[in-house]
Each structure stands twice: as C-alpha cells, then as structure tokens.
Amino acid sequence: MEIIIQPDVRLASLTGARLVAGLVRRKSDAVLGLATGSSPIPLYAELVEMRRRDGFDFSRIRTFNLDEYIGLDPEHPASYHAFMKRHLFDGLNVPGASIHIPDGLAPDVEKTCRDYEAAIRACGGIDLQVLGIGSDGHIGFNEPTSSLASRTRIKTLTERTRRDNAAAFGGPDRVPCHVITMGIGTIMESRTCLLLAFGKKKAAAVAAAAEGPITAMVPASILQMHPRTIFLLDEEAASGLKRADYYRWVYDHKPAWQKG
Ligand code: GLP
C-alpha cells in the first residue's frame, strides 16, 4: 500500500489525475473503474480540463462505475448516472457504448449484476479503480460486514450512509435503501486501486483502513491485501495515521524510475 499525503485537495487531485492520464497515455483503451461522491470530483474536473486544454484523447477508454441506487431513474439528479454525466462524461470524449454504470431500474437485479461482472471480464478486467471511502470505511456501497469476497450484487444501505448521502436527496428518508454495487472481490481484482480521501471526517476511516486490522467491519481494510493500492490523502484525512511521517518520507525519496 502506498500512502501519498498532499498539502491539499487540489494537489492530491492533480496527482490522481496525472496517474489516470499516465495510464491512458500508455494504454489508450485502458479500463477505468470510477467512483462517485464528492472525493473524486476535483480529479474528474482535472481530467475534463486536460481534454479541454490539451485535447487529451479519452475516446478509447472503457469505464465501469462502482454502484447505483436501485429504483432511481438515470435522469434523477441524485442518480450516479446523472452524477457521472455532470462531473465527467459531458466533458470527455468517451463514446456512450464504452460507459458502464449498474442499471438501477433493471427488472432482474441478479441478472444485471451477473451481466455487469461478465462485461468487466469481457473488457479484460479493470486497470485502475478509483475509490472513495465512506465514513464507516465502506468502498463502493459495500457496507461493514460485507463479504470480503463479494461480487456485484444488491446491498442495503446503513442509516449512517443514508444520512451521509442525504444532501443530494433533500433528506435521509428520501435516500433509497437499496443499491447495486460492485463487490469487494470485484474491486480487489482491479490491477491498481486509487483511493481518494479528504477532510477531517475521513481521518478515522482512513486510519482504520490503512493501519488497523483487516476486517469486514472496515471494508476498505482489505486493500492491505491488494498488490497495488494507492491512498491519496490531504493532511486532514491523514491526521489519524500513526506512521504519516514515514509515508511522507517514502514519497519524498521515491526512486525516479518508480514515479509517473
Ligand atoms: C458513497 C459512494 C462511495 C463513496 C462514498 C463517500 O457511499 N457509493 O463510492 O466513496 O459515498 O463519498 P464522499 O466522497 O462524498 O465522501
């Protein structure tokens, strides 16, 4: 696990965007796993800026989003379909057929989940998965006690997550109870995981995920078992880490050939 601590959200997001762009430069048809929530928004803005300013070409990438609310129309402003369009896809040149987001209106949820897994496999697997982290340590919508080997499936949100996500719906009671989410096993098969966390409210979850025991009570802690996971943090999100000075030292002394 590589832990990169940056002075602020903007610099951390720039570092993340450079990692994504570097991958797409090396592999134009890279498969990106994408997350929603506030954490990746500045990274997405940076990618849109690269497209606008430099004409960076995203036309061959394929994308798979982590999750979607069940029962929400893709046009609903709080749906993850609408979120991705607003924050990323409207500003990039990714063809619609290359964009995959779980279908929250699918009549057969189990089938749509199986098909989603098959589509990821058919693309050759995810090269880089962008992740946020819930205040309870969840990734995607894999709430605490999710099986660490789980695949794409239906999940029921905890009250805490519904409270955390209430703003987009105008109240916790309006947040759907059920979602479709990639499983933890699905996420763990990505070749690289890039977890973004910013702000004081994420400090405890980040510390538990990076330095605590591996446990289904903190789903992100399984990333300790992943061969290439990067945590990209601002100072506040890193404030609960016992070994923060060591992570800073490691990053500052990274061999030149390992950068980029
Ligand atoms: C939701 C999403 C997660 C995201 C989390 C944190 O639960 N399903 O993928 O990581 O919110 O969101 P934020 O970045 O807004 O704190």
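Per the 1.4 Å probe, what fraction of the accessible area of the chain, in percent, lies on carbon and sulfur atoms?
On the way: 6410 of 11860 Å².
Exposed carbon and sulfur together represent 54 percent of the surface.
Rank Ser38, Gly96, Gly55 by how far each Cα sits towards the positive end of the charge dipole of the range 1-99 (+1 on Lys, Arg Cβ; -1 on Asp, Glu Cβ) and give me just the farthest.
Working it through, the farthest residue towards the positive pole turns out to be Gly55.
Excluding Leu196 itself, what net charge comes from residues whose Cβ is under 11 Å from its Cβ, given Lys and Arg +1 and Asp and Glu -1? If you can, show how the numbers build up before the last one.
Values: positive: Lys202; negative: Asp234.
Combined, the nearby Lys, Arg, Asp and Glu give 0.
Across all directions of projection, what mean area in square nanometres is found for the Cα convex hull of the range 69-120? Write down the numbers at each step before the final one.
On the way: hull surface 15.2 nm².
Hull-based average projected area comes out at 3.8 nm².
Most mobile of Asn65, Asn142, Asn165 per a Gaussian network model of the chain (Cα springs, under 10 Å)?
In the Gaussian network model the winner is Asn165.
Which percent, nearest 5, of DSSP beta bridges in the range 2-259 are antiparallel?
Values: 9 of 31 bridges.
Antiparallel bridges: around 30 percent, rounded to the nearest 5.
log₁₀ I(q)/I(0) of the range 45-158 at q = 0.10, 0.11, 0.16 Å⁻¹, via Debye over equal Cα point scatterers, no solvent, to two decimals?
Each listed q maps to, in turn, -0.33, -0.40, -0.86.
Taking only protein heavy atoms into account and a 1.4 Å probe, give the accessible area per residue of the range 2-259 in Å².
Working: 11690 Å² over 258 residues.
That works out to 45 Å² for each residue.
How large is the dipole of the range 204-260 about the Cα centre if only Lys and Arg carry +1 and Asp and Glu carry -1, each at its Cβ, rounded to the nearest 20 debye? Present the calculation step by step, with values, prior to reporting the outcome.
Numbers: 6 positive and 6 negative charges, 57 e Å.
Roughly 280 debye, rounded to the nearest 20.
About the Cα centre of the range 1-52, how large is the charge dipole given +1 on each Lys and Arg Cβ and -1 on each Asp and Glu Cβ? Please answer in debye to the nearest 20.
On the way: 7 positive and 5 negative charges, 48 e Å.
It comes to approximately 220 debye.
Send over the semi-axes of the range 11-81's equivalent ellipsoid, whole angstrom and largest first, taken as the square roots of 5 times the C-alpha gyration tensor eigenvalues. Walk me through the numbers before you get to the answer.
Working: eigenvalues 111, 41, 26 Å².
For the range 11-81, the semi-axes come out at 24, 14, 11 Å.
Quick check on the range 187-260: what are the equivalent-ellipsoid semi-axes from the Cα gyration tensor, as sqrt(5λ), descending, whole Å?
Numbers: eigenvalues 77, 59, 23 Å².
For the range 187-260, the semi-axes come out at 20, 17, 11 Å.
Give me the orientation-averaged projected area of the Cα convex hull of the chain, in nm², one decimal. Walk me through the intermediate numbers first.
Numbers: hull surface 51.7 nm².
One quarter of the hull surface, i.e. the mean projection, equals 12.9 nm².
For the chain, set up a GNM with springs between Cα atoms under 10 Å and report which of Arg51, Arg191, Arg26 has the largest fluctuation.
Arg26
For the pair Arg53/Arg25, report the inter-label distance in nm, with labels modelled 7 Å from Cα in the Cβ direction.
For the pair Arg53/Arg25, the computed spacing is 1.4 nm.
Considering the options Pro227, Ala78, Thr112, tell which one lies farthest towards the positive end of the dipole of the chain, charges being +1 on Lys and Arg and -1 on Asp and Glu at the Cβ, about the Cα centre.
Farthest along the dipole direction, towards plus: Pro227.
Apply the Kirkwood formula to the range 116-166: the hydrodynamic radius equals the inverse of the mean of 1/r over all pairs of different alpha-carbon atoms; give it in Å with one decimal. Mind showing how you got there, number by number?
On the way: mean 1/r = 0.0793 Å⁻¹.
When all Cα pairs of the range 116-166 are included, the Kirkwood radius is 12.6 Å.
Using a Förster distance of 22 Å, how high is the FRET efficiency between Glu159 and Lys200, based on the Cβ-Cβ distance and rounded to 0.05? Write down the numbers at each step before the final one.
On the way: r = 22 Å, r/R0 = 0.98.
After rounding to 0.05, the efficiency reads 0.55.
For a Förster distance of 35 Å, can you work out the FRET efficiency between the beta-carbons of Gln258 and Cys177, rounded to the nearest 0.05?
Values: r = 44 Å, r/R0 = 1.26.
Plugging the Cβ-Cβ distance into 1/(1 + (r/R0)^6) gives 0.20.
Taking the chain as a Gaussian network, Cα atoms linked when under 10 Å apart, which of Thr186, Thr15, Thr145 shows the biggest mean-square fluctuation?
The residue with the greatest mean-square fluctuation here is Thr145.
The values are calculated or read from the model by the stated rules, or taken from the named source; none is laboratory data. These numbers were taken from a predicted model, which means no experiment stands behind them. All Cβ positions, glycine included, derive from the backbone under ideal geometry; neighbour counts span all protein chains shown. When the accessible area is computed, the model is the full protein with side chains, heavy atoms only, and any ligands, DNA or RNA have been set aside. Shrake-Rupley method; radii C 1.70, N 1.55, O 1.52, S 1.80 Å.
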